[in-house]
Ligand code: S3P
């Protein structure tokens, strides 16, 4: 069974995941390596559906590896086929409020998210809202990230998994 961190962009999936495993499979990083360009450029050149297909292929590949830690992009839950693949694994939802993730994403100079760049704040909030139910219905564990350090979040997850 894999352990997968789910949640919206900016919730801290990669940061927390790296504390939980030094062999974290960070899907966005692997995909950027494979496509040879930032995800933002790939969205512009090939379109979002092409990205989603690569994401699904990689998800399948990683879930077949067994007991691994995976940090997917926040949009992995959009495709029902991905949700079907994810069910049965440990799915840890890093729950964050919109203003927190919006601030973090706005300030992230190294990772320019295409959906952030091309949407107004209002439309981005609508994307956020529509995703929450997907994360909630998949999650086998939910950790609210508000007012917690990545270390504290990782510790809560470790404790929860050992309970
Ligand atoms: C996306 C999230 C991003 C990345 C891509 C699309 C999304 O990953 O996969 O920009 O649709 O939520 P993070 O959640 O790691 O930012």
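Can you check how the C-alpha radius of gyration of the stretch 56-163 compares to 2.2 N^0.38 Å, as a plain ratio? Before the final figure, lay out each step's value.
Values: Rg = 14.8 Å, N = 108, 2.2 N^0.38 = 13.0 Å.
Against the compact-globule rule of thumb, the ratio is 1.13.
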Q: Based on other C-beta atoms within 10 Å, arrange 98, 8, 128 from fewest to most.
A: 98, 128, 8
Q: Multiply the residue separation of residue 98 and residue 133 by 0.36 nm, subtract the distance between their alpha-carbon atoms, and state the gained length in nm to one decimal.
A: 11.2 nm
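Let me know the shape class of the stretch 12-101, please: from the alpha-carbon gyration tensor, a ≥ b ≥ c as square roots of the eigenvalues, rounded when a/c is under 1.5, otherwise prolate if a/b is greater than b/c, or oblate. Don't jump to the answer; show the numbers that get you there.
Working: a/c = 1.38, a/b = 1.22, b/c = 1.13.
Since a/c stays below 1.5, the shape of the stretch 12-101 is classed as rounded.
Per-residue ellipticity at 222 nm for the chain, helices alone: DSSP H runs ≥ 4 residues times -39500 (n - 2.57), over residue total, nearest 500 deg cm²/dmol?
Details: 9 runs with 93 residues, N = 163.
Using -39500 (n - 2.57) per qualifying helix, the result is -17000 deg cm²/dmol.
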Q. For the stretch 105-163, what is Rg from Cα atoms divided by 2.2 N^0.38 Å, rounded to two decimals?
A. 1.43
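What length, rounded to one decimal in nm, is gained on full extension from residue 78 through to residue 117, with 0.36 nm per residue of separation minus their alpha-carbon distance? Before the final figure, lay out each step's value.
Numbers: separation 39, 0.36 × 39 = 14.04 nm, distance 1.91 nm.
Length difference between fully extended and current span is 12.1 nm.
So if each residue of separation counts as 0.36 nm, and I subtract the Cα-Cα distance between residue 126 and residue 57, what length gain in nm does that give?
Numbers: separation 69, 0.36 × 69 = 24.84 nm, distance 2.71 nm.
Full extension from residue 126 to residue 57 adds 22.1 nm.
What FRET efficiency comes out for the pair residue 50/residue 149, r = Cβ-Cβ distance, R0 = 41 Å, nearest 0.05? Mind showing how you got there, number by number?
Numbers: r = 37 Å, r/R0 = 0.89.
In this case the efficiency is close to 0.65.
Only the coordinates and a few stated rules stand behind these numbers; no lab work does. Everything quoted here is computed from the prediction, not taken from an experiment. So basically every Cβ, Gly included, is an ideal-geometry build from the backbone, and we count neighbours across all protein chains shown.
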